[in-house]
1. Anything in the range A:318-340 that is assigned to a helix (DSSP H, G or I) and crowded, with 20+ Cβ neighbours inside 10 Å? List them, or say none.
2. Before we move on, is B:LEU10 part of a helix (DSSP H, G or I), farther than 23 Å from A:ALA216 by Cβ, within 14 Å of chain A (Cβ to nearest Cβ) and among the aliphatic types (A, V, I, L, M)?
3. Which pairs turn up if I take residues in the range A:141-167 that are assigned by TED's automatic domain parsing to the domain that holds A:GLU109 and free of Cβ contacts under 8 Å to residues at least 40 places away in the same chain and look for partners that are crowded, with 19+ Cβ neighbours inside 10 Å and aromatic (Phe, Trp, Tyr) with beta carbon separation below 6 Å, at least 6 apart in sequence or on another chain?
4. Of the conditions (1) without any contact (Cβ under 8 Å) to a residue 60 or more places away in the chain; (2) under 31 Å from the mean Cα position of the chain (by Cα); (3) under 30 Å from A:LEU513 (Cβ atoms), A:GLN283 fails just one. Which one is it?
5. Residues of the range A:440-456 being buried (at least 19 other Cβ atoms within 10 Å of the Cβ) and not polar (S, T, N, Q), which ones?
6. Residues of the range B:27-48 being closer than 22 Å to A:THR42 by Cβ and assigned to a loop (DSSP other than H, G, I, E, B), which ones?
7. Could you pull out the residue among A:ASN290, A:ASN295 that is crowded, with 21+ Cβ neighbours inside 10 Å, outside the structural domain of A:LEU184 (by TED's automatic domain parsing) and touching a Phe, Trp or Tyr at 6+ places or on another chain (Cβ under 7 Å)?
8. Within the range A:541-565, take every residue that is outside any helix (DSSP H, G or I) and under 27 Å from the mean Cα position of the chain (by Cα) and give me the one that is surrounded by the fewest Cβ atoms within 10 Å (Cβ to Cβ).
Amino acid sequence: MDLNTYTPETLLRKYKSLRRELFAQETQWLDKRIAILGGSTTTDIRKMLELYLLSYGIRAKFYESEYGQYWQDAMFKTPELTEFQPDIIFIHTSNRNITSFPQVGDTKETVNALLQEEYAHFSAMWEKLSVDYCCPIIQNNFEYPYWRLLGNADAVLEQGKVHFLTCLNLMFAEYAQAHPNFYLNDLNWLSANYGLEAWSDPFYWHMYKYALALPAIPRLAQSVANIIKSIYGKNKKAFALDLDNTLWGGVVGDDGPENIQIGQETSVGQMYAEFQQYLKAHQQIGVILNIISKNEEENALAGLQNPGNILKPEDFISIKANWEPKNENLRTMASELSLLPESFVFIDDNPAEREIIRQTFPQGAIPELQTPEHYIHAIDREGYFEVTSLTKDDLARGEMYRENAARVRQQASFTDYNEYLRSLEMKAEIRSFQPVYYERIAQLTNKSNQFNLTTLRCTQEEIKHFAEENSYITLYGKLQDKFGDNGVVSVIMGERQGTDLHIRLWLMSCRVLKRGMEFAMMKELVRTACQMKITRVYGYYYPTAKNAMVKEFYQMQGFTKQQEDKQGNTVWTLEIPSEYQPKDLQIQINEEKE
Amino acid sequence: MIKNEIYERLNKVFQDVFDDESIVVNENTTSADIEEWDSLEHINLVVAVESEFGMKFTLGETTSMKNVGEMVTIIANRATK
């Protein structure tokens, strides 16, 4: 359920009934334990965070510090917090928690010492928390003060509070750059965007010790929830865009491609061009652009050929321009791109089209659009694509989808599928987990839903642990072919118990389905396991709403089913090497490095 | 604004905030009459009333209001919607 149709006031006012409704959603919940360490009151922050996380499919249990005890909780190992075992720690501090600001008469050296002291107060806490809890930490930076003794010079002179907080914020950002499991919640931007005067309304501080105005809390909570859902791989991945009155002004079929409003000639045309620029920028973070438009295809393409467009036909991976219902087009498009319909952000100026998508895909993202000059606000505010890590794969994703489209075209020219696979000239690199891939591997365990036998979600620390302990066998698989490199696409982790191996994790990205990669992984798994004197391999399948495609996976790999319970969980075994029958592969494994 | 109308809209606000459709307030209602009306819910109530009627309470008023009747008097003087 998308909360973007509710105002912040409504979210606060109807918290209790919305919470009930969200809990009743049918979805595959992700359960997480979140500790909020507050430097001020956090009650309503916890409530709003809970709503947003529920709307993202994350069911959270919370720990809240006693009032203002964030630092004590972190530094002195509060037993309640230790027992709670947080998956995420959110430190909610604000400029109300600055211990001492500079005075106007202070020397440069004094101010610098204050700055270092304040920074040390926080960084010591982060270091302690990361040692004690090994989990992601989310830390607010600072909002500007709501009054300025020095006026504009507050931002110029070292003694100014604005200058002091600006320096601290930079130091926090540098820490975040250097620590992959540490995330900054940009209070400074959020408060500026909201309006600092309203954000800092002292009424709420003096009345209830809230460091921000109550009506601003939903915005803060959404920002934190966005970081969390991004860490757990729940970002959206693609846009599905309408054309007429969405990407340009006017109706191309009626007005003709030369008369649509797009480009620098008119104000309206400029406005749509800016919106197209905004969309195009998303390609840089791996978001793919697609079109679903009720139009004759030739009209749609003619509209896109208008030279005023920033977006060109080749910017889109899939274009559905026809008269079919949009929910069906979205379903088809998603399956062709090996994505889920819920992974799309659906942009359409027509409320009726938004409604049909909302009805068909309750977990989808369908921003409410008002006037075209505010499209960017409406989309950007929601943080659909919140960036918490930028892997090389993210940067190259658009290219990968393009290559996939080329593969599909090539496939059409072969009658024998194996001949087609051979023509791809596939090469795989399959090895035990390497540090350079920990981030990508963790990301895959959190993102892959369909080709995933156990849906075991892992943090980067856990991946590192599996890689370093010799009681585990780990394998990642990279696949490349003549059209390009798919990057890391498959992951296996098994736990050794004597001569038995229990496969706790086996997943593969759907973009390499039907290429034989799962058999190449199996071949390497058996080879590695035999070297370690394993004689029996146990496979497990735990059904979820999304992984039916791998229900019979172990049977296909030659395993024998041993058990099945009422929920459909199954256990399989294979004796190696005796029962293992290698399959014909069109993939060369670990070629150049051996 | 007519006080009856204020009470009608105010009931809806109370019902939403305390998630209880049976709540009906009158001028003598105080926090003692509604079980969940503690100091933390008080702020949600105040903000919900402010946004319902397009007005603000001062800090002084918020700490000194003794019952719903006093709240309604302030709303009647200041409501913009």
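The values are calculated or read from the model by the stated rules, or taken from the named source; none is laboratory data. From a predicted model like this one, the values you see are computed outputs, not experimental measurements. For neighbour counting, all protein chains shown are included, and Cβ atoms are generated from backbone atoms with ideal geometry for every residue, glycine included.
1. A:LYS326, A:ASN329, A:LEU330, A:MET333, A:ALA334, listed by residue number.
2. Yes.
3. A:VAL162/A:TYR144
4. (1)
5. A:ARG440, A:ILE441, A:ALA442, A:LEU444, A:PHE451, A:LEU453
6. Listed by number, the residues that qualify are B:GLU36, B:TRP37, B:ASP38.
7. Just a single option satisfies the conditions, and that option is A:ASN290.
8. Looking only at the range A:541-565, we keep the residues that are outside any helix (DSSP H, G or I), and these are A:541-547, A:551-552, A:557-565.
Add one more test, that the residue is under 27 Å from the mean Cα position of the chain (by Cα), and what stays is A:541-547, A:551.
Details: A:TYR541: 24, A:TYR542: 14, A:PRO543: 15, A:THR544: 13, A:ALA545: 9, A:LYS546: 15, A:ASN547: 21, A:LYS551: 13.
The qualifying residue surrounded by the fewest Cβ atoms within 10 Å (Cβ to Cβ) is A:ALA545.
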